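K.L.:
Before we start, here is the structure in question, set down as structure tokens.
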Amino acid sequence: MRAGLYARVSTHDQQMLPLQRRAIRDSVSRRGWTIAVEIKEIGSGASVRELRQKLLEAARRRDIDVVVVWRLDRWGRSMADLVTTLQELRDLGVGFVSLTEALDLTTPSGRAMAGLLAVFAEFEREILQERVRAGLAHARENGKRLGRPPTASLNAKQVRQLFRAGISKAAIARQLQIGRTSVRRILAAPIFGTGARKRAQNRY
């Protein structure tokens, strides 16, 4: 098995990086797997994990068979992001192992656990939606003008990069958690040439 290793720490907790790498490498060695890719990332909070994208791209190219991380929160920015990326890896036939939670999606029991994560993600979405509805209702009661922030446009660069990498619009929308309509709008923007716009309109 060719393993892709991913270790991530915050900018204020960099001393944990050697510990993560050692634990991940030891686990891979015990299983007799080969290290094909190793990613080390330093960031803060729930910011976009840019280097993690390289590991996902390796999975899409079938350069790795399994992703190994130290802990789930090192990999996912949120429960929804975690479930989305695990679903993509499963669709690609790439396993996933998180050492701290003893989650191993290369086994039947681990794949069952992934199903539970999806349930929790849906629960989290429902709670957030309820909070949003309550917040909007409160804003209306106080006479505030409501409008949709241009969040999708902030992902324009990533959308184009993923599209050029051969990722479908539906997969891009899932990964970046934006609507398919927003993805199509970004890809059809003037920055693309005529040929690229035509491909964007035809790809699903």
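K.L.:
Need one word for the range 1-44: rounded, prolate or oblate. Basis is the Cα gyration tensor (sqrt eigenvalues a ≥ b ≥ c); a/c below 1.5 gives rounded, then a/b vs b/c decides. Don't skip to the answer; put the middle values down first.
P.N.:
Working: a/c = 4.68, a/b = 2.04, b/c = 2.29.
In terms of gyration-tensor shape, oblate.
K.L.:
So how strong a dipole does the range 29-92 carry about its Cα centre when Lys and Arg Cβ are +1 and Asp and Glu Cβ are -1, to the nearest 20 debye?
P.N.:
Using only the charged Cβ atoms, the result is roughly 180 debye.
K.L.:
Under the √(5λ) rule applied to the eigenvalues of the Cα gyration tensor, what semi-axes describe the equivalent ellipsoid of the range 2-114? Give them in Å, descending.
P.N.:
Each semi-axis is √(5λ); the values are 19, 16, 14 Å.
K.L.:
Under 15 Å Cα-Cα from LYS157, which aspartates and glutamates qualify once same-chain neighbours fewer than 8 residues away are excluded?
P.N.:
GLU50
K.L.:
Could you sort 71-84, 10-23, 157-170, 30-43 so that the peptide with the highest average Cβ count within 10 Å comes first and the rest follow in order? If you can, show how the numbers build up before the last one.
P.N.:
Values: 71-84: 19.0, 10-23: 12.8, 157-170: 16.4, 30-43: 14.4.
Output ranking for 71-84, 10-23, 157-170, 30-43: 71-84, 157-170, 30-43, 10-23.
No lab work stands behind these numbers, since they all come straight from the coordinates. All of these numbers come straight from a predicted model, not from anything done at the bench. Positions of Cβ are generated from backbone atoms using ideal geometry, with glycine treated the same way; all protein chains shown enter the neighbour counts.
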